[in-house]
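In what follows, a structure is listed as structure tokens, so that the remarks can point back to it.
The values are calculated or read from the model by the stated rules, or taken from the named source; none is laboratory data. Keep in mind that this is a model prediction, so the values were computed, not measured. Don't worry about glycine lacking a Cβ; one is built from the backbone with ideal geometry, like all the others, and counts go over all protein chains shown.
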């Protein structure tokens with residue numbers, strides 16, 4: 001990493017704290033630089049923190065004592081995505097996404113940290129596709145640490161739902177997979193009708209099934225179609241999504257391209273002015 005000198009004036013109390021914190025392991029300037037870099041990374045990757053270990057400072061999942069290297073090591077063996085990691089480690093989806101994002105951003109650091117850990121022999125997690133991706137499927141295999149898309153199993157579920165689409169008129173099949181609170185999964189596909197106005201999109205199909213099952217809080221929805229680039233939900237689907245909060249939207253192609261967004265990003269100000277009668 002390139003570096004340039006920077007002069008800082010520190011209050012005496014801060015300087016004394018920094019001396020105690022370094023415990024003679026490093027110079028004040030190097031320790032200050034380290035803490036500034038950690039602060040930068042915590043800003044870039046919310047959910048990541050740092051702690052002292054016998055082998056030095058290490059990245060951990062905030063709110064736990066679990067090293068990012070431990071999460072990566074488990075993922076390399078089990079091929080788990082964010083959903084499966086959340087289920088295994090019993091923490092929030094955001095913590096799993098933070099671990100994946102950090103590991104992908106700093107592969108050399110995390111793989112070196114993992115070398116200090118005992119090896120794991122774990123079975124493939126049942127929430128994930130039965131066969132992991134082949135190494136040559138990644139166009140840039142250089143960082144071998146790279147973890148698959150955080151919602152790969154959700155996207156796979158949407159691909160499966162697409163196979164059941166009823167689209168005899170447009171021949172345009174779409175599948176959706178909705179992840180509700182408590183990791184409940186609901187699939188939907190587009191169902192066309194000779195009277196086009198009666199057609200329902202895959203996204204709304206999945207949402208209505210969730211509501212009928214008593215689930216109205218959602219983590220994410222994946223949408224898959226056989227198109228050159230990821231499709232975007234129609235206006236009707238966006239408005240229905242907005243009824244149930246701001247959650248992640250992942251639109252993917254069969255070839256693997258994924259576009260990520262949120263309900264609020266695709267439909268800003270969805271409630272502004274509506275029923276505002278006061």
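Within segment 34-62, being touching a strand residue (DSSP E or B) at 6+ places or on another chain (Cβ under 8 Å) and at positive phi holds for one residue alone: 47. Could you go through segment 251-263 and let me know if any residue there is closer than 28 Å to residue 170 by Cα, assigned by TED's automatic domain parsing to the domain that holds residue 182 and over 20 Å from the mean Cα position of the chain (by Cα). No, that holds for no residue. Total residues in segment 36-62 satisfying the condition of being surrounded by 15 or more Cβ atoms within 10 Å (Cβ to Cβ), without any contact (Cβ under 8 Å) to a residue 40 or more places away in the chain and under 20 Å from the mean Cα position of the chain (by Cα): the figure is 5.
Results for (1) at pLDDT 80 or above; (2) not in a helix (DSSP H, G or I), shown as yes or no for each residue.
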| site | (1), (2) |
| --- | --- |
| 7 | no, yes |
| 17 | no, no |
| 21 | no, no |
| 35 | yes, no |
| 38 | yes, no |
| 42 | yes, no |
| 49 | yes, yes |
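For the subset of segment 81-110 comprising residues that are part of a loop (DSSP other than H, G, I, E, B) and under 14 Å from the mean Cα position of the chain (by Cα), which member is surrounded by the fewest Cβ atoms within 10 Å (Cβ to Cβ)? Of everything passing the filter in segment 81-110, 92 is surrounded by the fewest Cβ atoms within 10 Å (Cβ to Cβ). Examine segment 266-277 for a residue that is surrounded by 12 or more Cβ atoms within 10 Å (Cβ to Cβ), under 17 Å from residue 157 (Cβ atoms), in contact (Cβ under 8 Å) with a residue 24 or more places away in the chain and more than 18 Å from the chain's Cα centre (by Cα), and state whether such a residue exists. No, that holds for no residue.
In segment 180-275, counting only helices (runs of 4 or more DSSP H) that sit wholly within it, the ones holding 2 or more residues that are at pLDDT 95 or above, on the phi < 0 side of the Ramachandran plot and in contact with a strand residue (DSSP E or B) (Cβ under 7 Å, 6 or more places away or on another chain) span 202-212, 263-266.
Considering only residues that are within 21 Å of residue 71 (Cβ to Cβ), assigned to a loop (DSSP other than H, G, I, E, B) and in contact with a strand residue (DSSP E or B) (Cβ under 7 Å, 6 or more places away or on another chain), look in segment 126-178 and name the one that is modelled with the lowest pLDDT. Restricting to residues being within 21 Å of residue 71 (Cβ to Cβ), assigned to a loop (DSSP other than H, G, I, E, B) and in contact with a strand residue (DSSP E or B) (Cβ under 7 Å, 6 or more places away or on another chain), the top hit is 149. Would you check if residue 70 is out of contact with any strand residue (DSSP E or B) (no Cβ under 8 Å at 6 or more places or on another chain) and at pLDDT 85 or above? Answer is yes for this residue.
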